[in-house]
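The values are calculated or read from the model by the stated rules, or taken from the named source; none is laboratory data. For clarity, every value in this text was computed on a predicted model and none was experimentally measured. Note that we place each Cβ from the backbone using ideal geometry, even for glycine, and neighbour counts take in every protein chain shown.
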Amino acid sequence: MQPLTPKSLRDSFVNTSKREAAEAIPPFNLDEVEWDKLDVFGWIDRSNPLLAFVVIPVDEKPVGIMLRASGNKSKKTMCALCEDIVDTEDVKLFVAKRAGAAGRKGDTIGTLIHGKFNCSKQVRRKPNTFEGKTDPEGFIARRIDTLVLNAEAFARRVLGEA
């Protein structure tokens, strides 16, 4: 993922007002983020735990999406982005307004995502014996590809392209 600055982060949001984008401040310093290890960049809002933000590269440009959690409860289920079958504890249903006129009319789309937005870390973990014993590097590469494709497909649905 390409490094983001505060300005490029604010400019990336496709389903927020200018005020909402300006208030989308990650709880950490952007200069300290290990961008080369990220395929998806997300965080929970400090003041509202039901509000979250995620940035997904689409055609090498960042697409920022504001999300709302459907509730505080996490489900034990598979994340739709990384499809990890091991870490299923902290997966939440997040809903995003669609970009543009559709979102202003109230159209939304939902998906299941790890509540800590740790998908990039999950896909890079060492495979267990069930997953990739014979070709661990290939297994990790396929998992990264799956995350990138699923995240981009979600972003494109928010954009109204799919």
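So if I check each of Phe94, Phe117, Phe154, which one is part of a strand (DSSP E or B), within 12 Å of the chain's Cα centre (by Cα) and buried (at least 16 other Cβ atoms within 10 Å of the Cβ)? Quick ask: steps written out before the conclusion?
Working: Phe117 fails: part of a strand (DSSP E or B); Phe154 fails: part of a strand (DSSP E or B).
Within the list Phe94, Phe117, Phe154, the selection yields Phe94.
Taking only segment 120-151 into account, find how many residues are among the acidic types (Asp, Glu), closer than 21 Å to Val91 by Cβ and exposed (fewer than 14 other Cβ atoms within 10 Å of the Cβ).
First, pick out the residues of segment 120-151 that are among the acidic types (Asp, Glu): 131, 135, 137, 145.
From what is left, the residues that are closer than 21 Å to Val91 by Cβ are 131, 145.
When the remaining residues are screened for being exposed (fewer than 14 other Cβ atoms within 10 Å of the Cβ), the result is 145.
Selection size over segment 120-151: 1.
Quick one: which residue in Val14, Val33 is buried (at least 18 other Cβ atoms within 10 Å of the Cβ), under 27 Å from Arg143 (Cα atoms) and not hydroxyl-bearing (Ser, Thr, Tyr)?
None of the other options fit; the residue is Val14.
Can you pull out the residues in segment 9-24 that are farther than 21 Å from Cys119 by Cβ and not acidic (Asp, Glu)? Talk me through it step by step, then tell me what you get.
We begin by selecting, within segment 9-24, every residue farther than 21 Å from Cys119 by Cβ; these are 10-11, 16-23.
Result: Arg10, Thr16, Ser17, Lys18, Arg19, Ala21, Ala22.
Picking from Asp59, Asp135, which residue would you name as being farther than 20 Å from Trp43 by Cα, among the charged types (D, E, K, R) and in contact with an Asp or Glu (Cβ under 9 Å, 6 or more places away or on another chain)?
Values: Asp135 fails: in contact with an Asp or Glu (Cβ under 9 Å, 6 or more places away or on another chain).
Unique residue meeting the criteria: Asp59.
Checking Thr134 against (1) more than 29 Å from Leu50 (Cα to Cα); (2) free of Cβ contacts under 8 Å to residues at least 12 places away in the same chain; (3) part of a helix (DSSP H, G or I): exactly one of these is not met. Which one?
(3)
Given the condition part of a loop (DSSP other than H, G, I, E, B), in contact with a helix residue (DSSP H, G or I) (Cβ under 9 Å, 6 or more places away or on another chain), more than 16 Å from Ser120 (Cα to Cα) and modelled with pLDDT of 90 or more, answer yes or no: does some residue in segment 52-69 qualify?
Keep residues of segment 52-69 that are part of a loop (DSSP other than H, G, I, E, B), which gives 59-60.
Still in the running and in contact with a helix residue (DSSP H, G or I) (Cβ under 9 Å, 6 or more places away or on another chain): 59.
Next cut, more than 16 Å from Ser120 (Cα to Cα) only: 59.
Pick out the ones that are also modelled with pLDDT of 90 or more and you get 59.
There is at least one residue in segment 52-69 that is part of a loop (DSSP other than H, G, I, E, B), in contact with a helix residue (DSSP H, G or I) (Cβ under 9 Å, 6 or more places away or on another chain), more than 16 Å from Ser120 (Cα to Cα) and modelled with pLDDT of 90 or more.
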